[in-house]
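S.K.: Supplied in structure tokens, the structure appears directly below.
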Amino acid sequence: MSPVTLGGMNQQTPGPEPAAAALDAGSAAAPKLARLIRYRTVSSREPQDIDIGEFDAFIRALPELFPLVHRHLGLERVNGYGLLYHWTGKPGPRDAATGAVEAGAGGAGGPLVLMAHYDVVPAARPETWEHPPFSGEISDGVIHGRGALDDKGSLAAVLQAVELLLAEDFQPARDVYLSFGNNEEVSGVTAGVTAALLEGRDIRPWMVLDEGGAVATQAFPFVDGPVAVVGVTEKGVLDVELATEDPGGHASTPHRRGATARLARAVVRLDDNPLPAALPAPTVEMFGRLAPAARFPAGLVFGKPGVFRKPLTRILARMGGESEALTRTTVAVTQLQGSSAANVLASRATANANIRVAVGDTVEGTLKRLRRIIRDPSVTLRLVEGNEPSPVSATDNEQFALLAEAIAAVFPDAVPAPYVMLGGTDSRRFTGICDAVYRFAPFRMDRRARASIHADNECLGIQAFGEGILFYGRLLRGLQSGQ
Ligand SMILES: [Zn+2]
């Protein structure tokens, strides 16, 4: 039995991947993804709630499922349960001449880092799933279960692409690292340790590709076709504790403007006064790239995003939800706490505001604005944790061109477009050692699929999974030596 090959990718100027090749690739690897879904690698902020045996079993299954990867690539554990694979690239022309290979340094121009994570969020209400969340059932051409999209699907597609390439004795033109995190859903600490490890070895990646965007359909109201959205930056995430204090006392003798009332007033002021709206450069570019695919009259507006920047900002800001989140730093008060007893006045009341800092804003600037909006010095603000928005990766470089080429080959009907990610990924930890960090999971996702992430009935079609495998294969084949 011959191994499934990455159809058509041997040619010098390969054409689009045929749909049948995707279905073949997906069908062959679907049982592997299904098996990986069955390990309940649920992450938690509380160490005692983590079933570490499931993480061990997941890691033990990998060599069985991807034997060539484990024969040919180096593997080290990072921060306990992070996995870092190293695939040595071909020596470049200069290295070949001198016979010197810069071992470990990733070759000139640095390595490609493909990232994914294998921890998942819990399935809060398993009884409401059509297929049990950790069954890994395959039915009607679909692989079901928690992690199918986020993010075991990417992990399995990367490993399968490398496995297939190894079966053809392929060696990449530059070094490749596969970096798989075990705590993306709670902290992403392992990704930070991995980035520091590479930095300590003087390795500066040429490109980092992590989860994030997708080949999204029904994502924009005026665009019919699929859009391959590639995250070029992500908003900062900030948790701020608002606190008010008061002498407290018995609830039978309340006084006005107690701790809870002042806290509530602060919360309402934040709600009534959204932060200023603006369109960051990557969002403007996204609209520009969508213009040819957009319906009239949106296409006209998108085509001149510079001219229409102000009205476009206003319209998006008024649309609410995701559209509004594109335009500004958002503030969501997520937790409230007052007195611990029903008949006791609160001596201290607190609220947690979860804030997503827009590209162009800063943590410090945001805190200043919040203080101005709250207009009450008795409400203290404490930065619990947070990070700045990520630097913006370019779209006019070799790296983005390679992504666009692989997208065009596997998703010829999709328009590639940069975008600002609203959520966070592990890859932000790599922005200190790499200028070209992109966030894109190469799977077609309609609105329902996107809504299933972190929710019920997460699943990935076999065809879509296969396209993802072809995409990574194409990307690895498209690598050029850095010299
Ligand atoms: Zn994820």
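The values are calculated or read from the model by the stated rules, or taken from the named source; none is laboratory data. Only a predicted model underlies this, so the values are computations on that prediction, with no experimental measurement involved. Every residue, glycine as well, gets a Cβ built from its backbone with ideal geometry; the counts of neighbours run over all protein chains shown. Note: areas computed on protein heavy atoms with side chains; ligands, DNA, RNA excluded. Shrake-Rupley method; radii C 1.70, N 1.55, O 1.52, S 1.80 Å.
S.K.: Taking the criterion of being out of contact with any helix residue (DSSP H, G or I) (no Cβ under 6 Å at 6 or more places or on another chain), without any contact (Cβ under 8 Å) to a residue 24 or more places away in the chain and outside any loop (DSSP other than H, G, I, E, B), would at least one residue in the stretch 344-365 satisfy it?
M.R.: Yes, some residue in the stretch 344-365 is out of contact with any helix residue (DSSP H, G or I) (no Cβ under 6 Å at 6 or more places or on another chain), without any contact (Cβ under 8 Å) to a residue 24 or more places away in the chain and outside any loop (DSSP other than H, G, I, E, B).
S.K.: How many residues are surrounded by fewer than 24 Cβ atoms within 10 Å (Cβ to Cβ) and touching a residue at least 60 places away in the same chain (Cβ under 8 Å) when one looks only at the stretch 111-132?
M.R.: So the count comes out to 8.
S.K.: Can you confirm whether VAL333 is in contact with a helix residue (DSSP H, G or I) (Cβ under 6 Å, 6 or more places away or on another chain), over 30 Å from PRO247 (Cα atoms) and surrounded by 14 or more Cβ atoms within 10 Å (Cβ to Cβ)?
M.R.: Taking the combined requirement at face value, the residue does not satisfy it.
S.K.: Right, here's the next one. Would you mind telling me which numbered condition in (1) within 17 Å of VAL227 (Cβ to Cβ); (2) modelled with pLDDT of 95 or more; (3) open to solvent by 10 Å² or more (accessible area, probe 1.4 Å) CYS459 fails?
M.R.: (1)
S.K.: May I pose another question? Of all residues in the stretch 184-210, which are open to solvent by less than 20 Å² (accessible area, probe 1.4 Å) and within 16 Å of the ligand (Cβ to nearest atom)?
M.R.: Across the stretch 184-210, the qualifying residues are GLY188, THR190, ALA191, THR194, VAL208, LEU209, ASP210.
S.K.: Going through the stretch 342-379 one residue at a time, which ones are farther than 16 Å from ALA332 by Cβ and open to solvent by 80 Å² or more (accessible area, probe 1.4 Å)?
M.R.: Passing the criteria: ALA342, ASN343, ARG348, GLU364, LYS368, ARG371, ARG372, ARG375, PRO377.
S.K.: Out of GLY386, GLY432, report the one residue that is modelled with pLDDT under 95, small (Gly, Ala, Ser), more than 16 Å from the ligand (Cβ to nearest atom) and touching a helix residue (DSSP H, G or I) at 6+ places or on another chain (Cβ under 9 Å).
M.R.: Sole residue among the options that is modelled with pLDDT under 95, small (Gly, Ala, Ser), more than 16 Å from the ligand (Cβ to nearest atom) and touching a helix residue (DSSP H, G or I) at 6+ places or on another chain (Cβ under 9 Å): GLY386.
S.K.: Right, here's the next one. Looking at the stretch 28-69, which of its residues are touching a Ser or Thr at 6+ places or on another chain (Cβ under 8 Å) and at pLDDT below 95?
M.R.: Result: ARG45, single match.
S.K.: Among residues belonging to the stretch 450-462 that are in contact with a Ser or Thr (Cβ under 9 Å, 6 or more places away or on another chain) and within 25 Å of ALA28 (Cβ to Cβ), point out the one that is farthest from the ligand (Cβ to nearest atom).
M.R.: ILE462
S.K.: Within the stretch 402-424, is there a residue that is among the β-branched types (Val, Ile, Thr), more than 19 Å from GLY141 (Cβ to Cβ) and within 15 Å of the ligand (Cβ to nearest atom)?
M.R.: No, that holds for no residue.
S.K.: Give me the residue from the stretch 273-315 that is open to solvent by 30 Å² or more (accessible area, probe 1.4 Å), aliphatic (A, V, I, L, M) and under 28 Å from the mean Cα position of the chain (by Cα) and, out of that set, farthest from GLU234 (Cα to Cα).
M.R.: ALA293
S.K.: In this structure, is ASP246 modelled with pLDDT of 90 or more, under 26 Å from ASP361 (Cα atoms) and open to solvent by 20 Å² or more (accessible area, probe 1.4 Å)?
M.R.: no
S.K.: Of the residues that sit in the stretch 211-229 and are within 16 Å of the ligand (Cβ to nearest atom) and among the hydrophobic types (A, V, I, L, M, F, W, C), which one is surrounded by the fewest Cβ atoms within 10 Å (Cβ to Cβ)?
M.R.: For the stretch 211-229, the residue satisfying everything is ALA216.
S.K.: Suppose the filter is open to solvent by less than 10 Å² (accessible area, probe 1.4 Å) and farther than 27 Å from PHE287 by Cβ; does ALA436 pass it?
M.R.: Considered against the rule, which asks whether it is open to solvent by less than 10 Å² (accessible area, probe 1.4 Å) and farther than 27 Å from PHE287 by Cβ, ALA436 comes out as no.
S.K.: Going by the structure shown, is ALA259 touching a residue at least 12 places away in the same chain (Cβ under 8 Å) and out of contact with any helix residue (DSSP H, G or I) (no Cβ under 8 Å at 6 or more places or on another chain)?
M.R.: When the stated conditions are applied, ALA259 passes them.
S.K.: Given the options ARG309, ARG295, ARG289, name the one that is under 30 Å from LEU367 (Cβ atoms) and of a type outside the set (Gly, Ala, Ser).
M.R.: ARG309
S.K.: Moving on. Quick one: SER154 ticks every box in (1) surrounded by 24 or more Cβ atoms within 10 Å (Cβ to Cβ); (2) assigned to a helix (DSSP H, G or I); (3) more than 16 Å from the ligand (Cβ to nearest atom) except a single one, so which number is it?
M.R.: Evaluating SER154 over (1) surrounded by 24 or more Cβ atoms within 10 Å (Cβ to Cβ); (2) assigned to a helix (DSSP H, G or I); (3) more than 16 Å from the ligand (Cβ to nearest atom) leaves (3) as the failure.
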